[in-house]
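Nothing in this text is a laboratory measurement; each read-out follows from the coordinates by a stated rule. Treat the numbers as computed from the prediction; the structure is a model and nothing was measured. When we count neighbours, we look across all protein chains shown, and the Cβ atoms used for this are built from the backbone with ideal geometry, even at glycine.
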Amino acid sequence: MVFTSHIFIFYFLPLTLLVYYLLPVPRNFFLLIMSYIFYGWWNPWFASLMLFASYANYVCGHVIATSPVGSVRRKRALVASIVISLTTLGFFKYFMFFENNLNAMLDVLGAGTLPVIQITLPIGISFFIFQSLSYPIDVYRGDSPPVRNFFDFACFVALFPQLIAGPIVRYNTIAEQLVQRDHTMEKFTSGVALFILGFAKKILLANQMGGPADAVFSAESPAMLDAWFGVVAYAFQIYFDFSAYSDMAIGLGRMFGFEFPRNFNAPYLSDSITDFWRRWHISLSTFLRDYLYIPLGGNRHGERRTYINLTIVMLLGGLWHGANWTFVIWGAFHGLLLAFERWRGKESVYSRLPRPLRVGITFVLVLFSWVLFRSVDISTASAYFKAMLGLASASGGSVLLDSVIYTRGNLIVMALCALLAVCGTQAHDWVEKLTVTRVVLLIGVFVLALMTMFVQAFNPFLYFQF
């Protein structure tokens, strides 16, 4: 089930809210049931995998909480939690990647190939595995109290607002909210407003930009200008798609009394790659920092080790996004840029440029990285880079792209996306003070987005695959 569907808007959400507020406290068990219905809507078997991950990490967390600090039993429980979680994620997400690469090596050696086992990737598995894994780690570190019971923990893992595509909610951020949370009209109305803004961003902006982006990236050899237009369209598509989901997730969380962390903060206003990762997918970057970068040693063991740690973290961050060499290279690209910025610091020529120029350069670097992120393989990305650099001429059906991508509607939406992307006021800030004018505007935007939703054929969220 997706947020931008009539089933969710007109049936699932109203029914869930109605029953939730009619029930006496505690209400976590009801949210757990509805979250499993939400997740199992596509494939009920996926829900059993989430239940397994939840139970395994709950048991490991319980062992950690009831064992003496420093005991072998406590350490073994933590290791077991990490191994079970990462093995589950690795099997479903990377086993076919391993098989295909192994067959490629065998084919080069002339040894024949092995049969490939087809494995269906459960939607959002990376998100719920990371979330469930955060619990035993937080308890082991003493950052959070142990959960009261399994149902509360299972509710935390399965909360439908942020289950499929984040933000990644760590246990220590909502441990207290699982026990006691405030339900106020102010929080509820701001949640509704934030959901509407996210809904409109997804339907009216992200989906609209998906058309020209798909057209250019699927072209055989686009012209230079078309290639740049296509990657900019994709940059806006992925930003407004993913940030829209995060806005809707946080808004829905507020409707049920939860406060989830902000996941985006105007990332295309970043004046460096370091700044970009402080603003883009904040929940993932902080997760990787706290659970991977710092345990690796962070910046505590000299400059060389710091650069290595940054690169390792971003390589694994790239691989987290998908089982493809393009994601690995994407992660390496960002890791090397982060290491370079850390190395040069304020001494670099880049840091002394005017801020608007730094923002422009950073955006171009991000655009090049989005080519890797969007391309199906390395050869496709290489061909696209050639088109962007003017090293390849348009051929075949690519010469007809102009009539498809430079339409009045696409140009207007792209201009609107650019304006909103550089606007300092974000959706979170905008909903803090709801005036009559803003409420009327929200109603109008919501009605327009609803009408548009019913006529759009393309409506998936990009980050569902992760």
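Per-residue Karplus couplings for the range 183-196, computed as 6.51 cos²θ - 1.76 cosθ + 1.60 with θ equal to phi - 60°, are listed in order as 10, 10, 5, 4, 5, 5, 5, 5, x, 4, 5, 5, 4, 4 Hz, Gly and Pro entered as x. May I ask for the longest run of the chain untouched by GluC sites (Glu not before Pro) that are loop-located per DSSP and have at most 16 neighbouring C-beta atoms (other than their own) within 10 Å? Longest stretch, sites excluded: 1-219. The distance separating the Cα centre of the range 302-377 from that of the range 1-46 comes to 39 Å.
Tell me, what is the Rg over Rh of the range 198-286, with Rh the Kirkwood radius over Cα pairs?
Working: Rg = 15.2 Å, Rh = 14.3 Å.
The Rg/Rh ratio comes out at 1.07.
Using the Kirkwood radius built from alpha carbon pairs, what does the Stokes-Einstein equation give as D for the range 157-233 at 37 °C and 0.692 mPa s, in µm² per second?
Values: Rh = 16.1 Å.
Diffusion coefficient, whole number: 205 µm²/s.
Stokes-Einstein diffusion of the range 330-391 at 25 °C, 0.890 mPa s viscosity, Kirkwood radius from Cα pairs, rounded to a whole number: 188 µm²/s. Between SER221 and SER395, SER398, the built amide H atoms are under 5 Å apart, and every one of these is 5 or more places off in sequence or on another chain. Put simply, the convex hull of the Cα atoms in the chain casts, on average, a shadow of 25.5 nm².
At a Förster distance of 56 Å, what's the computed FRET efficiency of TYR20 paired with ASN100, Cβ-Cβ distance as r, to 0.05?
Details: r = 45 Å, r/R0 = 0.80.
About 0.80, to the nearest 0.05.
Measuring nothing but how far apart in sequence close Cα pairs (under 8 Å, 6+ apart) lie, relative to its length, the range 187-459 scores a relative contact order of 31 percent. Under the combined filter of DSSP loop state and at most 14 neighbouring Cβ atoms within 10 Å, the range 372-452 retains these chymotrypsin sites (Phe, Trp or Tyr not before Pro): TYR406. Provide, for q = 0.09, 0.11, 0.12, 0.15 Å⁻¹, the log10 of I(q)/I(0) from a solvent-free Debye sum over equal Cα point scatterers in the range 187-459. The computed values of log10 I(q)/I(0) come out as -0.47, -0.71, -0.84, -1.23.
Over all pairs of different C-alpha atoms, the range 303-435 has a mean inverse distance whose reciprocal, the Kirkwood radius, equals 18.0 Å. Estimated from helices alone, the mean residue ellipticity of the chain at 222 nm is -21000 deg cm²/dmol (sum of -39500 (n - 2.57) over DSSP H runs with n ≥ 4, per residue). So if a site counts as exposed when it's one of the trypsin sites (Lys or Arg not before Pro), its DSSP state isn't H, G, I, E or B, and it has at most 13 other Cβ atoms within 10 Å, what's the longest stretch of the chain without one? In the chain, the maximal stretch lacking such sites is 149-299. Let's test the formula: R0 of 22 Å, r as the Cβ-Cβ distance of THR184 and ASP143. What FRET efficiency results, to the nearest 0.05? Result of the calculation: an efficiency of 0.20. Centre-to-centre, using Cα atoms only, the range 69-108 and the range 120-164 are separated by 18 Å.
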